[in-house]
1. Put a dot 7 Å past each Cα toward the Cβ at Y42 and K101; how far apart are the dots in nm?
2. Applying the Karplus parametrisation 6.51 cos²θ - 1.76 cosθ + 1.60 with θ = phi - 60° to the phi angles of region 28-34, what ³J(HN,Hα) value in whole Hz is obtained for each residue in order, glycine and proline being reported as x?
3. What number of lysine-lysine pairs in region 18-126 show an alpha-carbon separation below 16 angstrom, given a sequence spacing of 8 or more or placement on distinct chains?
4. Taking amide H atoms as placed 1.01 Å from N in the peptide plane, list the residues 5 or more away in sequence, or in a different chain, whose amide H sits under 5 Å from that of N79.
5. How much length is gained on full extension from S85 to A25, taking 0.36 nm per residue of separation minus their Cα-Cα distance?
Amino acid sequence: MRLALVFCFLLLPASLLALTPNIPAGTLVSKEVINTRDGPLYNVVINAPDPVIAAIARRQRSRGVYVVEISVPRGIIDNVRVLQSSGNKILDDAAIEALLKWRFRPRSVYKVTVPIEFRTSGRIKMGS
């Protein structure tokens, strides 16, 4: 019986083995740094386009917080959730659309909390 279990384990696809408890979650401090419980991670974000904001929504200053769930083996985004809405659907939708395009170094993090500050100048500050 044990031999059969060991044999089955060896045949599991590598993508299933990629989900290990040692891969952290974190909070974006800047596009270069993610804070985790184990300390900061550097150079994890490979591609991080800013949200494209419609001119009508640029007049409002607000802050939203979004949770990005990452495919560990590939580093692409599986899902984006709104943890705290900016209060403006246009801004939230733009943030979600941009975050879905982000790419991370594979096998580095499985989830990242991304605070985004939308400023009245039309500028965006990502990170805490």
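Only the coordinates and a few stated rules stand behind these numbers; no lab work does. These numbers come from a predicted model, not from an experiment. Note that each Cβ is placed from the backbone with ideal geometry, even for glycine, and that neighbours are counted across all protein chains shown.
1. Taking the two extended label points, one gets 2.8 nm.
2. Result, ordered by residue: 5, 9, 8, 5, 9, 9, 10 Hz.
3. Total qualifying Lys-Lys pairs in region 18-126 comes to 4.
4. The answer is E69.
5. 19.5 nm
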